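Novice: Take a look at this one; I'll ask things after.
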Amino acid sequence: MYKYLQENNINISEISWTSMWAIIASLIAIWKNYQEITDIAKNISYYKMIDLDLNYWLIKWEKISKKLEELFWDTEIQNTKIQLKITATNITNGTLKIFTHGKIVDALRASISIPWILSPKIIDNISYVDGGMIMNLPIQALSWESIIAVSALETHYEDIQIKKEIFGIPTKSWFFKNNFEILNRSLNILMKTNEDVSLLNVWKNITLIRPKYFDFQALDFDKLDYFVDLWYEEIKRENI
């Protein structure tokens, strides 16, 4: 999508996103171009970013924190080239937090804190988790009347395969893969509901970009070019 906007000289005045996508939004906000962001994404060894900590949370924060600090240093949200708004969920009272000031890395740390996987981020004595828990399409955070809303949800129409065949013998699917798929689809349903609520409750000129992809998942990091082309063609059809 960003590639298309750049090619057609469409300026972005304001940007808001949540969770992992807030990282992309932040890179755009500090004025990284499409090619720079693509190079960053391709040069990250995603699985090496995972440092397990099964005593408290599934993944530690150290490696992810180091990478975010490498990308954004001490840059603050209010000083970005494009107005940036990063969302997170206040886990104490279940309300939306829109970060418009403070360090980008702190707001991102709050926004990507997926429950059960990454520990909450404490800012000013308040614990925050992934903004997608209550609003993963944060168009309410934007002040402009004309908005391009982008949905990054996976598309599923097939049932989960509980069993598979190995050398013609029916066996149960790998335990962790099967349970991950159940959790992944459950979160997808939750976020799809959140998106629909957001679209119903905002009276603005909204162009929704929601590509359909069936054979890929969020962890298919090596499929970057596929996703870029898919989103490019989807927004091209909208003729913005």
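The values are calculated or read from the model by the stated rules, or taken from the named source; none is laboratory data. Only a predicted model underlies this, so the values are computations on that prediction, with no experimental measurement involved. Quick reminder, even Gly has a Cβ in these numbers, built from the backbone with ideal geometry, and neighbours come from all protein chains shown. Quick note on the areas: whole protein, heavy atoms, side chains included, nothing else; ligands and nucleic acids left out. Shrake-Rupley method; radii C 1.70, N 1.55, O 1.52, S 1.80 Å.
Novice: Accessible area per residue, 1.4 Å probe, Å², for the stretch 1-80: what's the number?
Specialist: Here the residues of the stretch 1-80 average 62 Å² of exposed surface.
Novice: Taking +1 at the Cβ of each Lys and Arg and -1 at the Cβ of each Asp and Glu, which of Thr92, Ile10, Thr75 sits farthest along the dipole of the stretch 8-121 towards its positive end, judged by Cα position relative to the Cα centre?
Specialist: Thr92
Novice: Can you tally the net charge around Asp51? Count Lys and Arg as +1, Asp and Glu as -1, for every other residue whose Cβ sits under 11 Å from the Cβ of Asp51.
Specialist: Here the charged neighbours net out to +2.
Novice: As an exercise, use a Förster radius of 45 Å and the Cβ-Cβ distance of Asp53 and Thr207 to find the FRET efficiency, rounded to the nearest 0.05.
Specialist: The pair Asp53/Thr207 has a calculated efficiency of 0.65.
Novice: If packing is taken as the mean number of other Cβ atoms within 10 Å per residue, what is the order of 88-99, 181-192, 123-134, highest first?
Specialist: So the order, starting with the most tightly packed, is 123-134, 88-99, 181-192.
Novice: What order do Ser26, Ser45 take when sorted by accessible area (1.4 Å probe), most exposed first?
Specialist: Final ranking, largest accessible area leading: Ser45, Ser26.
Novice: Is the shape of the stretch 15-120 best called rounded, prolate or oblate, per the rule: a/c under 1.5 gives rounded, else a/b larger than b/c gives prolate, else oblate, with a ≥ b ≥ c the square roots of the Cα gyration tensor eigenvalues?
Specialist: Because a/c hits 1.5 or more and a/b fails to exceed b/c, the stretch 15-120 counts as oblate.
Novice: At a 1.4 Å probe radius, carbon and sulfur cover how many percent of the accessible area of the stretch 1-112?
Specialist: 51
Novice: List the trypsin sites (Lys or Arg not before Pro) in the stretch 1-92 that DSSP assigns to loop (not H, G, I, E or B) and whose Cβ has at most 11 other Cβ atoms within 10 Å. Which are they?
Specialist: Lys81
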